[in-house]
1. Given only helices, namely DSSP H runs of n ≥ 4 each adding -39500 (n - 2.57), what is the per-residue ellipticity at 222 nm of the chain, to the nearest 500 deg cm²/dmol?
2. Given segment 2-405 reduced to its alpha-carbon atoms as identical point scatterers, what log10 I(q)/I(0) does the Debye formula return at q = 0.07, 0.08, 0.14 Å⁻¹?
3. For the residues T228, T97, what sequence is obtained by ranking on other C-beta atoms within 10 Å, fewest first?
4. Using alpha-carbon positions, what is the distance between the centroids of segment 63-120 and segment 292-315, in Å?
5. Ranking request for peptides 188-199, 126-137: highest mean number of other beta-carbon atoms within 10 Å first, then the rest in descending order.
6. Report the Cα centroid-to-centroid distance between segment 230-277 and segment 353-383 in angstrom, as an integer.
7. Distance from the Cα centre of segment 172-211 to that of segment 127-159, in angstrom?
8. Name the residue from V345, A374, A76 whose Cα lies farthest towards the positive end of the charge dipole of segment 2-405, charges +1 on Cβ of Lys and Arg and -1 on Cβ of Asp and Glu.
Amino acid sequence: MALAAEPLYVLVDTAVVGHLGRTPLAALAVGGGVLGLAGWFGVVISYGTTGRAARHYGAGARTDAVAEGVQASWLALALSAAMLVTIEVLATPIARTLAGSSEVAAAAAGWLRIAALGIPGLLLATAGNGWLRGVQDTRRPMRFILGANLLSAVLVPVLVYGAGLGLTGSAIANTLAQSVSGGLFVRALLAERVPLAPHPGLIRAQLVVARDLVLRGAAFQACFLSATAVAGRFGGATLAAHQIAFQLWNFCALILDAVAIAAQSLVGAALGAADAAGARWLARRIGLIGLVSGAAFALVLLAGAGPLPRLFSGDPQVYAQVQRAWPWFAGMQPLAGVVFALDGVLIGAGDVRYLRDLTVLAALGGFLPMVWLAYGLHLGLGGIWAGLTLFIGLRLVGMLARMRSGRWAVTGASLR
């Protein structure tokens with residue numbers, strides 16, 4: 001539920017902004033794509049912290065598990081400061097590179113400069129989410145993230161329409177959500193009454209895990225930003241349609257990722273307790289749950305192909321473009337369900353180097369060639385989403401091979 005809160009808010013934001021017109025929605029696609037990079041760094045921190053904390057917790061060392069959260073929070077603060085300065089300085093050239101028109105680029109840069117102020121809160125929240133999940137506390141993350149994002153979901157229409165702020169109101173609501181959420185997680189960490197000083201040795205150890213997760217995330221971001229850039233070159237209607245499809249895909253992905261989060265915590269704790277057989281049993285069960293969940297999503301999306309896109313835009317050209325992506329978007333869900341579930345198994349096991357190599361290979365050998373081929377052959381949004389489906393399929397093949405090998409199930413209180 002905690003994972004679903006953020007994309008649910010983004011969907012509300014997309015629906016509200018979508019009815020302002022094609023240009024604001026396209027600008028949100030550009031700005032949101034860039035801000036998504038910060039989100040992926042947050043995922044890196046969160047996933048790495050969950051795996052490390054879960055192993056300590058499984059070995060009976062809760063204090064050491066919480067200490068991972070302290071150091072992850074310092075890492076989050078340093079990274080957010082660097083990202084915030086970079087975006088504030090380079091927002092305009094970044095937006096011009098991704099947008100298809102100067103009008104969209106100007107609107108996107110304005111949105112991005114305001115929304116970027118929420119990055120520190122976002123990364124602190126992901127660090128907090130990581131250590132709390134590692135100690136098997138899933139209730140507080142759900143309350144913190146859900147509460148903050150529901151507040152912003154209420155504020156978006158009020159600020160965009162009621163206060164007449166338009167796209168600026170969307171950015172303000174985004175910043176408020178991230179800041180409130182980050183503050184709640186920091187308060188939870190302070191309540192543990194553990195030493196708060198930076199520990200260079202622990203931070204270095206976290207960076208070793210983070211390095212591979214960052215490269216894995218960079219492959220994702222190269223795919224997503226390339227898709228946005230190509231969609232922008234097909235016109236404002238295509239870019240706006242891509243925003244709708246991508247945010248719905250992200251919503252589905254993060255709900256399916258709830259299975260992966262459980263896998264990280266449970267598999268990490270099992271391996272920390274030297275229960276390799278239990279970890280392998282969990283992996284099989286979690287993969288099956290991912291498959292069933294993805295199939296259920298596919299059925300819902302296929303049934304909603306007509307009415308769902310109309311919730312986000314009344315523009316007939318945008319609607320027509322969304323329909324080109326929809327068969328790929330819905331059809332990949334069963335595959336994605338298994339992939340995201342097994343992602344969690346391998347991250348919980350600390351097998352992040354293999355994940356890094358597999359993701360980079362799938363990006364360079366599958367998605368990126370396909371998305372730029374779609375541009376060169378004028379295949380439109382359907383070609384872009386065919387590339388994303390190929391990316392998921394290649395990762396699925398690699399993950400199933402890794403599961404069968406059993407080389408990921410290494411026991412011990414520390415990650416490799």
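1. Taken over the chain, the calculation gives -29000 deg cm²/dmol.
2. Ignoring solvent entirely, the Cα scatterers give -0.30, -0.39, -1.27.
3. Sorted ascending by nearby Cβ count, the order is T97, T228.
4. Taking the Cα centre of each part, segment 63-120 and segment 292-315 sit 30 Å apart.
5. 126-137, 188-199
6. Segment 230-277 and segment 353-383 have Cα centres separated by 17 Å.
7. 14 Å
8. Farthest towards the positive end: V345.
Just so you know, all these numbers are worked out from the coordinates, no wet-lab data involved. Keep in mind the model is a prediction, meaning the values are calculated, not measured. In this analysis, Cβ positions are derived from the backbone assuming ideal geometry, glycine residues included, and neighbour counts consider all displayed protein chains.
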